Structure formats: C-alpha cells, structure tokens
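These notes concern the structure reproduced below.
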C-alpha cells in the first residue's frame, strides 16, 4: 500500500484518490482554468485529523496543499495531498471583547452575519464565499480596509498544525516570527485550523452600486477621482468598467460608507449630478449583505486575472483606461486604497502606500480568447503608472510571491519557512521558496 492509499487508515475524514468517483470534482479549484493534478484529496474531520495527516505526509515525504474551497489556486499542487478544511466551521463571536474565533472553513459572509447581530463587522472583501482564513493569510483587502487596514492586521492569534504535526496556539508573544509570517505571508508555514480576529463597530452602513451606460465612462471617472481625492477613511469607492457578453459596455461605482446615509450621499454627490443611471442600489444595509453590492459569482468558473497597484490615477492614467473598449475583458476594476492602509503594519506587506489597486478580469472561452485577454491585460498595465508590486490575494498563476513582497520581507519569509518547515511539507498556492519569477 503506497502512502496515498494508506491515508484512509490515518485520517477520519473523507479521502479521495484518482480512481475514486468524485475525485475530479473534489480536486478542482475555484478557478476552473487552473489544473490541479494532486495525488489525493482529504476532507479533514477536525484539527486532530489534520495533525495526523501532516505527520503521515512528513514521514512519507509528501507535500500538503491547503485549500478551504479552492480560491487562489495557482496550479502548483501537483503530486501533493490536497487538504480541504471546510468542515472546520466553528464560529464564536464575543461581542463584549469584540472578537471572533473563526474556523479555517468559515466563509466571510457567515462571519458578517454573526457579527451584524451585535452591530459589529469583520473586514470582508467583495465575495461572501471566500474563507476568512485564506484572505487573512494573504494579507487581505477589505471593503473597510481604508478604515481599519489589512485583514491580517486584525488577527490576534492562530491555531495551527505545524510541520511536525503538532497542534499549537500562535500569538505575537509565543512566536513573533511565525505570527508575523502568518499574517499575510501565505500558507507556506503551517496549517491554520482557526484564527482569532478583532471585530469593529459598524452600527450604520450605507452602500450599493450605481450603474450607467458605458458612454458615460469619462464623466463617471472624473466624478470618481473627485470623490476619492477627498474621501474620509469611512468611505470606500470602487470604479468598474464592465462589458458582459451580449451586452453593451457599462460603468459602475460601488461604494460603502461606515456612517449615516445623509453623510454618505453628500460625499457621493458628484455621482448624482451625472446622467440618469441604469440602476442605483444604494441603501442603508446590514453588514451581512455586503456581497450583494458586486454580486460576484458564488460558484466556480474559469477566469484569467491580472492585478496591479497604481501609484496615481491622474489625467494620463484615466485617459489610458478609457482610450478604447475593454473587450475581451469582462471587467476593469479600480479600488481606492489609502487611509489606514498607509499606516504602520507589522505584517509581511507592511504599509500599503499605493493609492489604488487595479484588477483586470476575462474568461478564457477558448485558446484564442485566452491569448487576447492576456494581451489586453498586458497592454493596459503597461499604459498605467504601476508600482511593480501586487496584492498577494490577487496574484495569478503566472506570478510568484516575489511579485507581492518587497525583497527584505521575502528574505525574512524564506528564513522562517526554512526554520519552521525545513522538509517543505506545506505547499501554498504561491510558495515563498520558489524562484523569484515564473519562467
């Protein structure tokens, strides 16, 4: 019996091998354009199950790739045991301490729903189905990051299984180097089974999407730049250039404001002076309904993405973004950063001083379309003032950890990896040990 086949005698959770029915579905990532030729899939029953799995993998010389539900997969999991942590779904909210203990399989939307009952919020991104642990391990850009910084900044403790298969509780006091690496350095250092996260007050929230025909993109861009130039930290605004198959181009502004509706409408007033929109979903909303703003898909699908950090959104950048159709891309999104992101952060990413993030997305319907999408992404990126760094959670399969971290941070992460996982048991989506650039 080889090491993969003996997994069923080691763990209590479900084990799927290549010859088993359902294996192909179990191993697929969220992005169906990425292949994952793994040796086995293990759906762990609990943290003890994970500890037993890690000990087995270490003794057998196998790697373990952790994916709660497959977001961020890069195709670097070949020959590994793919560990699914969806059954680690414990969620405890302490409204007095304003803290949540979140299992590795818990999605962001569930945390938001639990916190909303107490007038609190986590630091959610645009999708409610992404695991909080996965986002925090990558640093994490949130709707409320301008007010509260990286998602990782809010993490106060991790429960982990280390490379020797031991369960541990990690804080800044118990192991400052490992704690630092886990708060944004990716999943290369341990299996996180749960984390503790600071919650923030959110008694009032106003948000939604305003959508116009694409012909108004220049005016919307001008208003967006005006709003973001003076936005308080409580206001977050994203601009979206959209072109869905079979539809005419559109432009949207997505916004959230941690405060009163009247204040939000005053801050967003330049948008109300534009042409009549196709729709306007802005309203007072609970923090549990943030996912409705962008309405991102909640089921897996193929995609090609590219992200950049912009050093400015000046006249030249705006002109470059609007110079022609975005097709064959489906969306070009600009996220306003700044605010708390620029403050000191004891994480691998450190303070984020670039004022905007750019996210370019298309669907590779066939090889020719895939090539055209990639070319359009490259042309747009080359025409814009990019910093050369990218958010870790926005990396695509052609990129590496070196695209996200400054050289000093990457050197420190690699040293921590060597110390805590010298046998390279853990294989994250974007390993810190690999070559600086994809070939």
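Worth pointing out:
- Comparison of 151, 132, 106 shows that the only residue that is out of contact with any strand residue (DSSP E or B) (no Cβ under 7 Å at 6 or more places or on another chain) and surrounded by 19 or more Cβ atoms within 10 Å (Cβ to Cβ) is 151.
- Qualifying residue in segment 340-349 (condition: outside the structural domain of residue 139 (by TED's automatic domain parsing), touching a residue at least 12 places away in the same chain (Cβ under 8 Å) and in contact with a strand residue (DSSP E or B) (Cβ under 8 Å, 6 or more places away or on another chain)): no
- Comparison of 360, 310, 290 shows that the only residue that is crowded, with 21+ Cβ neighbours inside 10 Å, touching a residue at least 40 places away in the same chain (Cβ under 8 Å) and over 24 Å from residue 108 (Cβ atoms) is 310.
- Residues in segment 312-322 that are in contact with a helix residue (DSSP H, G or I) (Cβ under 9 Å, 6 or more places away or on another chain) and in a loop (DSSP other than H, G, I, E, B): 313, 314, 322.
- Filter result (surrounded by fewer than 24 Cβ atoms within 10 Å (Cβ to Cβ), touching a helix residue (DSSP H, G or I) at 6+ places or on another chain (Cβ under 6 Å) and over 16 Å from residue 142 (Cβ atoms)) within segment 328-352: 328, 329
- Residues that are closer than 23 Å to residue 296 by Cα number at least 2 in the following strands (runs of 3 or more DSSP E) confined to segment 167-267: 206-213, 235-242, 250-257.
- Condition met for residue 410 (part of a helix (DSSP H, G or I), surrounded by fewer than 21 Cβ atoms within 10 Å (Cβ to Cβ) and at pLDDT 95 or above): yes
- Consider segment 284-307 and keep the residues that are outside any loop (DSSP other than H, G, I, E, B) and more than 17 Å from residue 126 (Cα to Cα). The one that is nearest to the chain's Cα centre (by Cα) is 304.
- Residues that are under 20 Å from residue 33 (Cβ atoms), surrounded by 13 or more Cβ atoms within 10 Å (Cβ to Cβ) and touching a residue at least 60 places away in the same chain (Cβ under 8 Å) within segment 366-383 comprise 370, 373, 374, 377, 380, 381, listed in sequence order.
The values are calculated or read from the model by the stated rules, or taken from the named source; none is laboratory data. None of the values given here were measured: they were computed from a predicted structure. FYI the Cβ positions are ideal-geometry reconstructions off the backbone, even for glycines, and counts take in every protein chain you see.
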